[in-house]
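In what follows, a single structure is set out as structure tokens and then discussed.
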Amino acid sequence: MSGQKPVTPSPDGLAASVKAAKTRGLPPVHLWNPPFCGDLDIHIAKDGSWTYLGSPINRFELVKLFSSILKKEDGKYYLVTPVEKVGITVEDAPFVAVDFDATGEGRAQILTFTTRVGDSAIAGPDHPIRIVIDPETDEPSPYVLVRKNLEARIDRKSFYRLVDIATHKDGWFGVWSGGQFFPLVRSDSLTD
């Protein structure tokens with residue numbers, strides 16, 4: 001035996017590990033590859049709310065801290081510190097984009113999305129916008145890539161604002177950002 005006491009993962013332990021390793025900006029989770037320690041009963045709901053053991057995590061600072069150590073590998077979500085990696089459940093996307101700013105026009109337009117936890121992403125080649133259409137309801141679910149493998153679901157009001165500034169291009173109705181056109185829906189599917 002190594003003489004080390006095994007540690008059971010907990011939200012408090014994760015928070016302490018992150019605070020101990022805290023650097024400016026987002027922690028370098030892409031560089032951390034600790035051993036898998038098991039799953040924690042942390043759940044991110046479709047609306048972006050976080051729960052632990054079924055109870056809401058109401059401390060915004062704690063949610064923001066946990067969101068900064070989120071990592072997605074092979075379709076699964078983890079909270080990662082330099083010494084621990086624990087699985088969590090994400091209902092849809094781990095983030096919700098609650099607003100965006102639009103500057104410029106046409107091909108020169110820049111859309112900067114902001115998430116509920118304060119992340120921002122400029123839509124473009126590195127942060128694409130994608131739409132998933134529900135096959136049963138035909139309802140669109142829009143997403144923007146915020147960080148490596150981590151998307152934000154664009155909230156309804158922001159999506160409606162995107163539709164307001166959208167334009168037609170090559171049979172698609174969509175938006176420009178960062179020199180790239182992002183289709184929202186086929187132009188011929190729109191009704192007056």
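The values are calculated or read from the model by the stated rules, or taken from the named source; none is laboratory data. Owing to the predicted nature of the structure, the values given are computational and were not obtained by experimental measurement. Cβ coordinates were reconstructed from backbone atoms using ideal geometry, including for glycine residues, and neighbour counts include every protein chain displayed. Areas reflect the complete protein model, heavy atoms only, side chains present, ligands, DNA and RNA absent. Shrake-Rupley method; radii C 1.70, N 1.55, O 1.52, S 1.80 Å.
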Leaving out ligands, DNA and RNA but keeping every protein chain, what accessible area does Thr112 have, in Å² rounded to the nearest 10, with a 1.4 Å probe?
40 Å²
Plugging the Cβ-Cβ distance of Lys76 and Ser189 into 1/(1 + (r/R0)^6) at R0 = 35 Å yields, to the nearest 0.05, a FRET efficiency of 0.55
Counting Lys and Arg as +1 and Asp and Glu as -1, each charge on the Cβ, what is the dipole of the chain about the Cα centre in debye, to the nearest 20?
900 debye
CD proxy at 222 nm, helix term only [per DSSP H run n ≥ 4: -39500 (n - 2.57); per residue of the chain; nearest 500]
-4500 deg cm²/dmol
Taking springs between alpha-carbon atoms closer than 10 angstrom, which of Val132, Val86, Val98 fluctuates most in the Gaussian network model of the chain?
Val132
Hey, any idea what % of the range 11-151's accessible area is carbon plus sulfur with a 1.4 Å probe?
51 percent
Per the 1/(1 + (r/R0)^6) rule, R0 = 35 Å and r from the Cβ atoms of Glu61 and Gln180, FRET efficiency to 0.05 is 0.50
Gaussian network model of the chain, Cα springs within a sub-10 Å range: biggest mean-square fluctuation belongs to which of Thr167, Thr103, Thr51?
Thr103
Need the full-extension length gain, Val83 to Asn33, defined as separation in residues times 0.36 nm minus the C-alpha distance. One decimal, nm.
17.2 nm
Extension gain, Asp92 back to Thr112 (0.36 nm per residue minus Cα-Cα distance, nm)
5.1 nm
Take the chain, mark every one of the GluC sites (Glu not before Pro) that falls in a DSSP loop and has at most 14 other Cβ within 10 Å, then report the longest stretch left between them, sites excluded.
1-90
Grab the alpha carbons of the range 62-166, take their convex hull, and tell me the volume per residue in Å³.
123 Å³
How big is the range 119-164 in terms of Cα radius of gyration and Dmax, in angstroms?
11.1, 32
What percent of all Cα-Cα pairs in the chain falls in each 10 Å bin, counting up from 0?
8, 33, 30, 18, 8, 2, 1, 0
Space enclosed by the convex hull of the alpha-carbon atoms of the range 138-190, per residue, Å³
97 Å³
List the residues, sorted by chain then number, that are 5 or more residues from Ile154 or on another chain and whose placed amide H is less than 5 Å from its amide H.
Ala97, Tyr143, Val144
Can you compute the charge dipole magnitude of the range 32-87 about its Cα centre, using +1 on each Lys and Arg Cβ and -1 on each Asp and Glu Cβ, nothing else charged? Give it in debye, rounded to the nearest 20.
140 debye
Spin-label pair Asp47/Asp126, simplified geometry with 7 Å Cα→Cβ offset, distance in nm
3.4 nm
Using alpha-carbon pairs under 8 Å, 6+ residues apart, how would you state the relative contact order of the chain in percent?
16 percent
GNM, the chain, Cα, under 10 Å: largest mean-square fluctuation among Ser55, Ser120, Ser67?
Ser55
